[in-house]
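Down below is the structure, laid out as structure tokens.
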Amino acid sequence: MPNRRPGRGVELAVEHLGNEVVRNIAQIAVITLTIAALLLRSWIGGLLVVLPLALTVAVNFGVMGLLGIPLDAVLKGIGSSSDGRSSAIYAPRAGGQKLALERAYADAGAAPQTVGLLEAHGTGTRVGDATELAALIDAELQRLTSGGPTDAEMERAEAQAEAAFMYRLQTVGGFGGKSDQLNAYNTFLGRPDYFAEDLARYEGVTKLSLQQTAARYLHDGRRVMMSIVPRGRLDLAIADSSAVAVS
């Protein structure tokens, strides 16, 4: 039973988190201080930004320690995306974003294929969201072509493929029903009874075949990135896009 005396809240939380988490928090504080100081051109201004954040963290950890709430998530690595090559700090580049991901993986000592869930938050800027999304896609494709999918990813993909095939058989007509499926096979293959063979194609996919296919087709030279924007608003398109008029 943890000691819940009020004066021991922060101390208990720090003891629970351990030295590694304290080091991660210190890294974030230093990076935040540096960025704030550079933007405000004053170390005092940077401290004024960091201090409220540090106080919030201390209060949260103190409450967790008092209530005996465990911390189940640990920040293992961080990476900087400001490579100094953009026109402004708010104009990210895909190369810089990719570099940030690589640095975060290296700092965490983890390979990309060990990540089971990826969560991304857009900046909400005209250029930022598209750039960051492109960097995430590039990093994921690089992981897939270099190491292939994980066992868990293969299991999920196979389950989704089998479920999709079963859903097609739930109705007789309409969009996606049995009649549609039979007609599609007959139209494109001349084989309305191709269902079992089609499913077998998905069931026969291996980690190696997926990796080889991704390396062959899903690289930069075989990709088109398209932005659909209002007429005359090319500033909303992906950087370095070429305008194409559609009548």
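Derivation of every value follows stated rules applied to the coordinates shown; laboratory data play no part. These figures come from a predicted structure and were not determined experimentally. Counting neighbours? That spans all protein chains shown, and the Cβs are built from the backbone with ideal geometry, glycine included.
Structure above, values below:
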quantity: Candidate lysines for bridging to Lys98, where Cα separation is under 24 Å - those fewer than 8 sequence places away on the same chain excluded; calculated: Lys76
quantity: Computed FRET value (nearest 0.05) for Ala29 with Ile238, which takes r as the C-beta separation and R₀ as 35 Å; calculated: 0.55
quantity: Gain upon complete extension [Ser80, Ala161; 0.36 nm per residue less C-alpha separation]; calculated: 25.4 nm
quantity: Label point distance in nm, Arg191-Thr114, each placed 7 Å from Cα along Cα→Cβ; calculated: 4.3
quantity: Debye intensity ratio in log₁₀ form over the Cα atoms of the stretch 151-236, taken at each q of 0.10 Å⁻¹; calculated: -0.46
quantity: Computed E for Phe175/Ala245 - FRET, C-beta separation, R0 41 angstrom, nearest 0.05; calculated: 0.80
quantity: Estimated FRET transfer efficiency when R0 is 25 angstrom, pair Met154-Asn183 (beta carbons, to 0.05); calculated: 0.20
quantity: DSSP-loop trypsin sites (Lys or Arg not before Pro) across the stretch 155-196, with at most 11 other Cβ within 10 angstrom; calculated: none
